[in-house]
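Notes for the one structure printed next.
The values are calculated or read from the model by the stated rules, or taken from the named source; none is laboratory data. For clarity, every value in this text was computed on a predicted model and none was experimentally measured. Methodologically, a virtual Cβ is constructed for each residue, glycine included, from the backbone with ideal geometry; neighbour enumeration extends over all protein chains shown. For accessibility, only protein heavy atoms count, side chains too; no ligands or nucleic acids. Shrake-Rupley method; radii C 1.70, N 1.55, O 1.52, S 1.80 Å.
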Amino acid sequence: MTAAPPILAGVPGTFPHSVFHDRHPVLIDQVIAGHPYDPAQRAALLRLLDESRDGVIEQLHTAASDLPHWLAWGRDLWGRPWREASFLWAESYFYRRLLEAVGYFGPGAWAGVDPFAPKKYAELDTPQVAAELAALADISTAPGDAARDALLRSALWGNQADLGFRLTAGPGTRSGLLADDSAQLWSALDGANDATVCLIADNAGRELLPDLVLADHLLSTGRAARIVLYLKPQPYYVSDATLHDLLAVLRLLRTAAEPQAQRIGQRLWQAMSEDRLLPRTHEFFCAPLTYHDLPADLTAELSTAAMTILKGDLNYRRLVGDRYWPPTTPFADLADYFPSPVTALRTLKCDVATGLPEGRAAELDAADPSWRTSGDYAVIQYARPRTTGDM
């Protein structure tokens, strides 16, 4: 298949340009406000902001162990304008440099301090989360396939999770769902024996909550014998989930007012202690690479899964390639290199779109020009690994 043009970071009028010129200044203000950083840290953050908007890409200066990797990943980009880099690379590098600016990698007092933690944890202490806990508790006890389908949609919509907590919103009834391969997901899991399900997480907080309740459902119903939950090894993309974030949501569940939510939290806690819910991480998840570049050890792990459930927009970009694919490009053709069957749960928040019927993108362009980036549309898409007979 001929590769589509890559999405670049700095083309005026594009979504990536707005990320660097509109969103990142707000982000830097939030990071500075969130911790009492010293003058050197604040100055480093502001220099990074100026460099990434209008300057050239400077090499990473760090004592951290990932320096050789970044020197290799950026070898053709050092000294070039940020706008010429791919969006995927530039955004990843921005967050790595942000961590360096605040001293995350030590050796000082700020080593290991998550610059995004105030935003993440404030989200958990809200009336909305309390209401969602109550709704999840109700859904998890629903009869038949109602719980299964509603929990999947709760995980799909993430921080719009209240939209997915309605049992009446069955498969395909939400207008923003552009593709729905959930039947293939359930068929694959129902036909598996002693199944390992890999769940590659996206965001912390309110989005991780329905992910974990879905994991509890899969374990409790026997659709999964074990779930391997992949998290980021360090803070990334503001709200991406780390092990600290996982533990925060588990504590929230275990101390909830609703008895059913408490039971879910206790079951998940027990599942972790029994190696049925296995948190894992890998440096690859913070690399500026697509899943085409999976390292051998991570490929071997994922290849044992009956299903990999891949959450969120960034993971989707990394799966299919962060390119301007024609929207009718079959998702299965772009993802069939993956080492296990894979189901992507993605709300659209960037320009990549695949697997749509002929003419659907044009309809959406006319009705809602921001459909690719608004988060109001979503897909559930399935692909299985290519076999010799498929070639």
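See the values below:
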| quantity | calculated |
| --- | --- |
| q = 0.29, 0.31 Å⁻¹: log10 I(q)/I(0) that the Debye formula gives for the range 303-355, counting C-alpha atoms only | -1.27, -1.39 |
| Accessible surface of H244 - all protein chains present, 1.4 Å probe, nearest 10 Å² | 130 |
| Candidates R153, R346, R276: whichever shows maximal mean-square fluctuation once the chain is modelled as a Gaussian network with Cα springs under 10 Å | R276 |
| Spatial extent of the range 193-245: Rg and Dmax, with the Cα atoms as the point set, Å | 11.8, 37 |
| Hits among aspartates and glutamates - C-alpha to C-alpha of K349 under 17 Å, sequence gap 8 or more where chains match | D22, E91, D202, E207, D240, D313, D322, D365, D368, D376 |
| Rounded FRET efficiency, nearest 0.05, which uses the C-beta distance separating E84 from A40 and R0 of 30 Å | 0.55 |
| For L177, residues with placed amide H under 5 Å, excluding near neighbours | A378 |
| P(r) histogram, all alpha-carbon pairs of the range 247-356 included - 5 Å bins from 0, percent | 2, 10, 16, 19, 14, 14, 11, 9, 4, 1 |
| Amide proton proximity set for T308, modelled H, under 5 Å, gap of 5+ | C198, V342, T343 |
| E84 - accessible surface, heavy atoms, 1.4 Å probe, Å² rounded to 10 | 80 |
| The range 298-391 - share of DSSP beta bridges that are antiparallel (%, nearest 5) | 60 |
| Cα Rg, Dmax (largest Cα-Cα span) when computed across the chain, Å | 20.7, 61 |
| Probe 1.4 Å, accessible area per residue of the range 1-147, Å² | 49 |
| Solvent-accessible area per residue for the range 174-325 (1.4 angstrom probe, square angstrom) | 35 |
| Label zone at E258 (point 7 Å along Cα-to-Cβ), backbone N below 20 Å, the range 199-213 | 204-213 |
| Residue-averaged [θ]222 nm for the chain, counting only DSSP H segments that reach four residues, each worth -39500 (n - 2.57) | -12500 deg cm²/dmol |
| Average Cα contact separation per residue, the chain, under 8 Å, 6 or more apart, as relative contact order % | 16 |
| Among P115, P357, P233: highest mean-square fluctuation, GNM of the chain, C-alpha pairs under 10 Å | P357 |
| The range 318-385-the range 28-83 distance, computed between alpha-carbon centres (Å) | 31 |
| Whole-percent pair-distance distribution, where bins are 10 Å wide, for the alpha carbons of the range 74-149 | 15, 23, 21, 21, 16, 4 |
| About the Cα centre, charge dipole magnitude for the chain (Lys/Arg +1, Asp/Glu -1 at Cβ), debye | 340 |
| Percent antiparallel among DSSP beta bridges (both partners in the chain, rounded to 5) | 30 |
| Accessible area of the chain belonging to carbon and sulfur atoms, whole % at 1.4 Å probe | 53 |
| Extension gain (nm, one decimal) between V26 and E51, 0.36 nm per residue minus Cα-Cα | 7.4 nm |
